[in-house]
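The values are calculated or read from the model by the stated rules, or taken from the named source; none is laboratory data. Note that this is a predicted model, so its numbers are computed, not measured. Virtual Cβ from ideal backbone geometry, glycine too; neighbours counted across all protein chains shown. We work out accessible area using only protein heavy atoms, side chains counted, and drop any ligands, DNA or RNA first. Shrake-Rupley method; radii C 1.70, N 1.55, O 1.52, S 1.80 Å.
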Amino acid sequence: PQLEKRIEELSTRVLNILLGNYEEKLEIEDNNQNKLISTNILNNIHFVGRTKELKKIDELLKQNSKIILHGIGGIGKSELVNKYLCEHNIDYKNIIFAKYSNSLEQLIISENNFKITNFKRILNNNGELENDREFFERKLDKIKEISEDEKTLIVIDNFDTDEDENLETILNAKYDLIITS
């Protein structure tokens with residue numbers, strides 16, 4: 001949303017919390033279903049141009065649901081995707097914007113990037129807390145399941161690696177996916 005609208009929305013939420021109105025929070029906690037927590041997208045009011053590229057992203061996502069934007073660093077791939085998200089956020093129930101760092105596994109298991117309500121690590125068959133790999137596979141399955149019912153767009157920004165063992169797994173799902181590299 002526009003900055004002014006976003007500030008007003010945040011002010012209202014803070015006021016409701018301070019006044020003890022926790023209806024929104026209670027609704028999520030009482031509902032045992034898992035939900036992806038969407039990333040907040042900030043609209044850059046200084047962004048101009050690139051209308052052809054924005055239209056092309058939309059066309060390609062509608063045709064293929066998975067696209068890769070690539071080019072030399074600093075040309076504005078991330079800003080272009082962010083602008084697309086601002087213009088098309090009403091088309092999606094969930095939008096996740098995450099910056100790639102070490103691996104797709106670490107990206108997915110991170111609570112900062114892919115937060116799902118009521119979804120935590122569990123004990124495995126040995127009575128131990130599940131390891132990163134087990135949690136990654138279970139969490140990715142849950143993301144895929146949620147995306148079956150709710151239109152979801154995932155952006156993986158700065159995927160600057162020659163290879164990641166989980167790329168094929170990430171590509172095989174019903175969510176829309178934009179990767180910048």
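Results, tabulated for the structure shown:
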| read-out | value |
| --- | --- |
| Residues of the stretch 33-157: accessible area per residue with a 1.4 Å probe, Å² | 58 |
| Overall form of the stretch 71-129 per C-alpha gyration tensor (a/c, 1.5; a/b vs b/c) | oblate |
| Point-to-point label distance, Lys93-Gln2, nm (Cα→Cβ direction, 7 Å offset) | 3.0 |
| Across Lys35/Lys55; Lys77/Lys120; Lys93/Lys115; Lys5/Lys144; Lys55/Lys174, pairs whose alpha-carbon gap is larger than 24 Å | Lys35/Lys55; Lys77/Lys120; Lys5/Lys144 |
| Virtual spin-label span in nm between Thr12 and Ile37, 7 Å along Cα→Cβ | 2.1 |
| Label-to-label distance, nm, for residues given as Leu129 and Glu148 (7 Å Cα→Cβ offset) | 2.9 |
| The stretch 104-181: proportion of alpha-carbon pairs further apart than 16 angstrom, % | 53 |
